[in-house]
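Written out below as structure tokens is the structure these notes cover.
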Amino acid sequence: MSDSDHEILVAGTGPAGLIAALALAAHGYRVVLAGPVPSGRDRRTVALMRPSLDYLEPLGFLDGLMGETAPLQAMRLVDATGRLIRSPTVTFHAGEIGQDHFGLNIPNARLTEELAGAVRRNPAITWRESLVDSWECGADRVVATLADGARVEAKLAVAADGRQSPARQAAGISARIRALPQSALVLNFAHTREHGFVSTEFHTESGPCTQVPLPGMRSSLVWVVRPEEADAFVKLNDAALSIRVEERLQSLLGQVTVEPGRQIYPLSTLMPDRFGHNRVALIGEAAHVFPPISAQGLNLGVRDVEDLVAVADTHRDDPGSAAALSRYDRRRRPDILARSNSVNLLNASLLSGLLPAQIARSAGLGIIGGFAPLRAFFMREGMRPGSGFSALFSLRGKDRPAGSHW
């Protein structure tokens with residue numbers, strides 16, 4: 001069985017892969033999506049910034065999520081390390097850059113459910129609910145043999161198949177992978193005080209502990225701890241874990257009640273030596289992995305898709321050609337390296353007990369917190385690369401036009 005008439009194959013059915021399939025189809029490409037239906041057991045949430053929402057809105061799935069999202073009106077950084085040199089608390093308000101919110105916090109399971117529904121409704125996408133069993137990267141096409149026996153031929157393969165990415169390996173793209181001495185505890189919880197649509201990131205000696213608003217008197221939590229601590233948390237009952245979470249959050253939200261369904265994710269970093277090669281383009285966690293700090297992960301993945309579609313459009317006769325993938329690599333490299341390096345550097349500064357690291361982190365956050373123009377610059381850059389520089393030169397930023405319902 002062969003599907004040789006499809007121009008592009010997308011491998012992977014996480015959010016990045018589903019978004020890629022929808023975006024490519026919206027630009028007129030015939031797409032095969034390979035991968036199983038998402039399980040729906042993911043307890044994590046994702047904070048999508050406004051530029052990502054702007055790009056995703058025309059794909060037609062966001063309206064079904066609006067009742068389950070919470071806007072992020074402010075983001076606060078709190079030094080909870082207890083070390084000799086501590087950073088001042090810094091709060092970023094969306095109103096400082098003319099926005100009513102930075103973005104929306106969305107449950108991952110619901111996001112993938114709505115994305116999957118939009119994919120099924122799109123006649124330009126053929127969804128084969130099977131993993132890719134083997135790859136052949138040829139001079140003029142890539143051939144994927146699926147676990148169900150089907151063969152799919154395409155001019156371009158989009159690797160959205162995760163950090164282990166068989167597609168990346170088949171393309172001969174090497175990657176630097178490093179396991180971190182950290183795990184992320186993920187859960188949702190109710191609380192007795194209003195969150196005010198403020199997300200708070202507590203910096204601790206084991207990594208960040210980030211609370212992000214959900215609708216009502218609820219929030220999501222990503223608490224980065226040592227692996228042995230994560231194992232101990234898993235063994236606690238909900239009442240005991242609720243006390244630990246409330247203590248870690250310094251009772252900021254009052255009494256905490258942890259909801260059932262906690263999950264643990266070991267952390268690592270990953271950086272490929274290139275982002276496209278041998279008719280395979282990398283997006284999402286196949287292209288970059290770093291600790292969950294400052295809501296960068298999927299937003300970076302959305303920009304992967306945005307740049308990939310733009311490059312494909314300029315090489316429409318052969319979107320998987322060496323020239324196209326070289327151009328994609330050049331477009332993605334500065335953004336991915338800048339985001340990955342900054343997150344990894346901040347994470348390393350939290351783990352380090354060295355005084356110079358503490359001084360540098362404290363001084364940097366102190367300058368940002370005390371100087372409004374610099375704070376605005378970092379807020380804009382955090383939402384969209386280049387928009388901070390545009391504002392500095394009095395150019396129009398990347399903000400959504402007046403009248404948007406976002």
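At-a-glance table
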| item | result |
| --- | --- |
| Phi to ³J(HN,Hα) by Karplus 6.51 cos²θ - 1.76 cosθ + 1.60 over region 254-262, Hz, x for Gly, Pro | x, 6, 10, 10, 5, 8, x, x, 5 |
| Inter-part distance where region 144-178 and region 14-38 are each reduced to a Cα centre, Å | 15 |
| Rg/Rh ratio calculated on Cα atoms of region 181-260 (Kirkwood radius) | 0.94 |
| Per-peptide average of other Cβ atoms within 10 Å, ordering 135-142, 104-111 highest first | 104-111, 135-142 |
| Highest-first arrangement of 235-248, 190-203, where packing means the average Cβ count within 10 Å | 190-203, 235-248 |
| With eigenvalues of the C-alpha gyration tensor scaled by 5 and rooted, the chain, Å | 36, 23, 21 |
| Chain lengthening between Ala232 and Glu205 when straightened (0.36 nm per residue, less Cα-Cα) | 8.0 nm |
| Mean ellipticity per residue at 222 nm, deg cm²/dmol - from DSSP H runs of n ≥ 4 across the chain, formula -39500 (n - 2.57) | -11000 deg cm²/dmol |
| Packing-based ranking, highest mean first, of 14-25, 173-184, 218-229 given that Cβ atoms within 10 Å are counted | 14-25, 218-229, 173-184 |
| Nonlocal amide H pairs with Ser268, under 5 Å, H built at 1.01 Å | Leu180 |
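Throughout, read-outs are computed from the coordinates displayed, never taken from laboratory work. Keep in mind that this is a model prediction, so the values were computed, not measured. FYI the Cβ positions are ideal-geometry reconstructions off the backbone, even for glycines, and counts take in every protein chain you see.
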